[in-house]
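Novice: One structure, pasted below without further comment.
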Amino acid sequence: MTAQPLRSRNWFGGQTLDGFAHRSWLKAEGFSDVVFDGRPVIGIANSWSELTTCNAHLRQVADAVKRGVWSAGGFPLEFPTISLGEVLMKPTTMLFRNLMAMDVEECIRAYPLDAVVLLSGCDKTTPAMLMGAASADVPAIMVTGGPMLRGVWRREELGSGTDLWRLWAERRADRMTDEEFCEAESCMSRSSGHCMVMGTASTMASMAEALGMTLPDNAAIPAPDARRLTLAELSGRRAVEIAKAGGPRPSEIMTAPAFDNAIRALMAIGGSTNAVIHLVAIAQRLGVPLPLTRFDELSRTTPFLVNVRPSGKYLMEDFFYAGGLPAVLRQLLALLHGDAPTVNGRCLADNVRSSECYNQDVIRPVELPLAGEGGLAILTGNLCPDGAVLKVSAASPRLLTHRGRAVVFEDHADMHRRIDDASVAIDETSVLVLKHVGPRGAPGMPEWGAAPIPARLLKRGVQDMVRISDARMSGTSYGTVVLHVAPESAVGGPLALVKDGDEIELNAPARTLTLRVADEELARRRAAWRPRPPHFTRGYGRLFLDHVLQANEGCDFDFLRGQTPVRAEDTAGPSHV
Ligand code: FES
């Protein structure tokens with residue numbers, strides 16, 4: 001690529017009133033004139049926060065990025081973004097993903113940046129940053145924070161979330177004491193980093209890598225491993241190069257073939273259902289059509305290879321030692337668009353061709369997959385006219401074809417009030433239906449889809465049931481859980497019309513979800529249906545309710561789809577002077 005005029009020169013290049021002001025105020029931080037000599041300015045968008053525990057180490061990562069930027073002749077400037085901590089933020093980080101994407105986009109646009117390094121980690125921080133960077137379209141490279149080291153309790157390995165749900169079920173079934181439960185609590189999260197199963201954070205880090213937005217190996221290097229800081233330093237160096245060259249820009253990397261590659265990778269790693277929503281949202285920013293049917297098409301022809309919880313046995317640390325994502329992509333090369341460009345300037349195939357797998361039980365060869373098809377299925381039918389998602393790889397095979405009677409919970413509070421009520425007729429053949437937990441209904445589409453199995457059934461050894469909702473599910477969860485039902489119940493989707501005792505049929509091999517109720521009866525119920533009053537009447541919540549799209553459209557805001565690319569010729573207008 002040829003050298004491009006630097007956008008930052010519009011701020012720092014002129015002997016003018018504004019040039020004086022822009023340089024003078026930065027000198028308040030102790031910078032010398034050297035930093036204004038025409039070198040590229042590299043923004044480091046940092047979602048560090050002590051409230052986002054998975055991102056709490058990102059200042060150290062930012063220091064490594066700065067080292068790389070300085071050593072390559074750039075001028076790094078770190079800035080904070082809002083941060084979304086999956087565990088502590090209520091009611092759900094998904095309510096704020098689009099807010100963070102707006103923050104990232106507008107900071108890139110408003111500041112004198114020639115390229116940006118995106119530091120993310122916890123679930124929503126990665127898609128939010130990719131969405132914002134896609135819309136601003138300034139050259140960008142992502143560094144994620146990496147997974148935690150594996151948890152160990154007594155002699156048992158513990159995976160974030162996945163084993164918490166399992167231990168909690170054991171506790172509710174009285175097979176574990178309070179003391180044991182408390183002891184395990186201190187053993188699960190024992191280092192910096194994000195959840196170390198193939199949950200949403202690990203999945204989205206893998207998506208960023210498969211899309212080409214990170215350096216190879218980014219997704220799996222554990223957070224405390226020195227090689228994560230090495231990768232950060234190299235990413236800083238690369239950011240200087242792409243700033244000078246004016247690209248590649250996100251729109252030149254995240255093309256339709258790149259999304260195909262990411263979806264193939266998603267299926268091969270048994271990744272989180274949340275990735276479906278996030279990939280659709282990112283694609284819409286770039287004008288890349290990505291219907292749910294594309295996920296199903298690619299799922300049916302992609303082998304499931306990665307044996308990591310919740311769909312498998314191992315943890316992300318094992319995945320890294322086995323070769324990480326490059327080893328998976330190498331196995332898939334015949335199915336991928338190998339010529340897709342990536343942010344390091346090489347194509348995907350060149351990046352992964354020499355990768356090796358060091359443990360074939362963790363990363364299976366294509367001839368010996370965990371399953372012949374990908375881990376996710378897209379369902380349609382009269383209960384989900386615009387689609388629903390099922391993580392087949394985390395479901396019970398015997399329930400993938402199932403007919404049962406609905407037990408309906410009107411919302412999350414109703415479910416918690418009555419799930420263990422002995423007067424509610426539930427057995428292992430029942431289908432648990434949870435309403436009003438979608439994008440508008442909850443609101444924010446929380447990860448409430450994996451409804452708890454009633455304690456009395458747990459004690460009888462029942463470990464899974466068919467559950468259906470318009471919610472999402474934690475990427476760390478497992479079970480036969482149908483999610484993202486669209487349109488959602490809060491806007492009058494067919495899910496709103498289900499009543500106790502209705503027969504529901506799930507046929508995952510045929511990709512159907514059917515409510516066995518006569519059309520005339522459904523029409524009667526529809527005529528009687530009334531929406532609930534809105535959760536918010538002001539503020540950001542109001543904006544969210546007025547503009548959020550349904551799950552099959554990525555839950556972005558309608559007015560945020562597309563781009564307003566920032567270009568070098570964009571001038572900095574007068575600021576405070
Ligand atoms: Fe942050 Fe799981 S809580 S990735």
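Novice: For region 284-301, does any single residue satisfy the condition of being assigned to a loop (DSSP other than H, G, I, E, B), closer than 19 Å to Val328 by Cβ and at pLDDT 95 or above?
Specialist: So in region 284-301, the residues assigned to a loop (DSSP other than H, G, I, E, B) come out as 286-291, 301.
Then keep just the ones that are closer than 19 Å to Val328 by Cβ; that gives 301.
Subsequent filtering for residues that are at pLDDT 95 or above retains 301.
Looking through region 284-301, at least one residue is assigned to a loop (DSSP other than H, G, I, E, B), closer than 19 Å to Val328 by Cβ and at pLDDT 95 or above.
Novice: Now for a different question. Hey, can you tell me all the residues within region 201-243 that are out of contact with any helix residue (DSSP H, G or I) (no Cβ under 9 Å at 6 or more places or on another chain), within 19 Å of Cys347 (Cα to Cα) and surrounded by fewer than 24 Cβ atoms within 10 Å (Cβ to Cβ)?
Specialist: Glu241
Novice: I'd like to check something: does region 317-333 contain any residue that is without any contact (Cβ under 8 Å) to a residue 60 or more places away in the chain, aliphatic (A, V, I, L, M) and not in a loop (DSSP other than H, G, I, E, B)? Working first, answer last.
Specialist: Let us first name the residues in region 317-333 that are without any contact (Cβ under 8 Å) to a residue 60 or more places away in the chain, namely 321-323, 327, 330, 333.
Next, from what is left, pick out any that are aliphatic (A, V, I, L, M): 322, 327, 333.
Adding the requirement that they be not in a loop (DSSP other than H, G, I, E, B) leaves 327, 333.
Checking region 317-333: at least one residue is without any contact (Cβ under 8 Å) to a residue 60 or more places away in the chain, aliphatic (A, V, I, L, M) and not in a loop (DSSP other than H, G, I, E, B).
Novice: While we're here: Looking only at region 6-22, how many residues end up being charged (D, E, K, R), within 38 Å of the chain's Cα centre (by Cα) and surrounded by fewer than 20 Cβ atoms within 10 Å (Cβ to Cβ)? Reasoning before the result, please.
Specialist: Going residue by residue through region 6-22, those that are charged (D, E, K, R) are 7, 9, 18.
Those still in the list that are within 38 Å of the chain's Cα centre (by Cα) too: 7, 9.
Imposing the further condition that a residue be surrounded by fewer than 20 Cβ atoms within 10 Å (Cβ to Cβ) reduces the set to 9.
So the answer is 1.
Novice: Now for a separate question. Taking Ala258, is it closer than 28 Å to Arg7 by Cβ and out of contact with any Asp or Glu (no Cβ under 8 Å at 6 or more places or on another chain)? Lay out the reasoning, then the answer.
Specialist: Details: closer than 28 Å to Arg7 by Cβ: yes; out of contact with any Asp or Glu (no Cβ under 8 Å at 6 or more places or on another chain): yes.
Yes; evaluated as a whole, the condition is true for this residue.
Novice: When you scan region 453-476, how many residues do you find that are within 23 Å of the chain's Cα centre (by Cα) and touching a residue at least 60 places away in the same chain (Cβ under 8 Å)?
Specialist: Of the residues in region 453-476, the ones within 23 Å of the chain's Cα centre (by Cα) are 467-476.
Add one more test, that the residue is touching a residue at least 60 places away in the same chain (Cβ under 8 Å), and what stays is 468, 470, 472-476.
Count: 7.
Novice: Could you tell me whether Pro127 is out of contact with any helix residue (DSSP H, G or I) (no Cβ under 8 Å at 6 or more places or on another chain) and either buried (at least 24 other Cβ atoms within 10 Å of the Cβ) or modelled with pLDDT under 95 (or both)?
Specialist: Considered against the rule, which asks whether it is out of contact with any helix residue (DSSP H, G or I) (no Cβ under 8 Å at 6 or more places or on another chain) and either buried (at least 24 other Cβ atoms within 10 Å of the Cβ) or modelled with pLDDT under 95 (or both), Pro127 comes out as no.
Novice: Report, by residue number, each residue of region 251-282 that is more than 16 Å from the chain's Cα centre (by Cα), of a type outside the set (D, E, K, R), part of a helix (DSSP H, G or I) and more than 24 Å from Pro147 (Cβ to Cβ).
Specialist: Passing the criteria: Ser251, Ala256, Pro257.
Novice: Name the strands (runs of 3 or more DSSP E) wholly inside region 37-124 in which the number of residues that are modelled with pLDDT of 95 or more and over 21 Å from the mean Cα position of the chain (by Cα) is 2 or more.
Specialist: Working: elements: 41-46, 75-80, 115-120.
Output list reads 41-46, 75-80.
Novice: List, please: which pairs have Cβ atoms under 8 Å, are six or more places apart or on different chains, and start with a residue in region 245-267 that is touching a residue at least 40 places away in the same chain (Cβ under 8 Å) and over 27 Å from Asn307 (Cα atoms) and end with one that is among the charged types (D, E, K, R) and assigned to a loop (DSSP other than H, G, I, E, B)?
Specialist: Matching pairs, first to second residue: Arg249/Asp137; Pro250/Asp137; Ser251/Asp137.
Novice: With the condition kept exactly as written, say whether any residue in region 165-178 is within 16 Å of the ligand (Cβ to nearest atom) and assigned to a loop (DSSP other than H, G, I, E, B).
Specialist: No, the conditions are met nowhere in region 165-178.
Novice: Here is a follow-up. Is it the case, given these coordinates, that Arg405 is among the basic types (Lys, Arg), in contact (Cβ under 8 Å) with a residue 24 or more places away in the chain and more than 30 Å from Ala262 (Cβ to Cβ)?
Specialist: Yes.
Novice: Is it the case that region 415-435 has a residue that's in a loop (DSSP other than H, G, I, E, B), surrounded by 21 or more Cβ atoms within 10 Å (Cβ to Cβ) and in contact (Cβ under 8 Å) with a residue 40 or more places away in the chain?
Specialist: For region 415-435, residues in a loop (DSSP other than H, G, I, E, B), surrounded by 21 or more Cβ atoms within 10 Å (Cβ to Cβ) and in contact (Cβ under 8 Å) with a residue 40 or more places away in the chain: present.
Novice: Continuing with the same structure: Output the residue which, of all residues in region 43-99 that are more than 28 Å from Leu26 (Cβ to Cβ) and among the basic types (Lys, Arg), is surrounded by the fewest Cβ atoms within 10 Å (Cβ to Cβ).
Specialist: Ranking the qualifying residues of region 43-99, first place goes to Lys90.
Novice: Further question: Six or more apart or on different chains, Cβ under 6 Å: which pairs go from a residue in region 335-363 that's farther than 22 Å from Thr255 by Cβ to one that's surrounded by 14 or more Cβ atoms within 10 Å (Cβ to Cβ) and of a type in the set (D, E, K, R)? Could you list them?
Specialist: Within 6 Å, the pairs are Ser355/Arg330; Val362/Asp318.
Novice: Looking at region 204-224 only, could you name the residues that are closer than 16 Å to Asp318 by Cβ and of a type in the set (S, T, N, Q)?
Specialist: Ser206
Novice: What do you reckon, is Arg7 farther than 30 Å from His412 by Cβ and part of a loop (DSSP other than H, G, I, E, B)?
Specialist: Working: farther than 30 Å from His412 by Cβ: yes; part of a loop (DSSP other than H, G, I, E, B): yes.
Yes.
Novice: Name the single residue, out of those in region 476-509 being in contact with a strand residue (DSSP E or B) (Cβ under 9 Å, 6 or more places away or on another chain) and within 16 Å of the ligand (Cβ to nearest atom), that is nearest to Thr429 (Cα to Cα).
Specialist: Tyr478
The values are calculated or read from the model by the stated rules, or taken from the named source; none is laboratory data. These numbers were taken from a predicted model, which means no experiment stands behind them. Glycine gets a Cβ as well: all are built from the backbone with ideal geometry, and neighbour counts include every protein chain shown.
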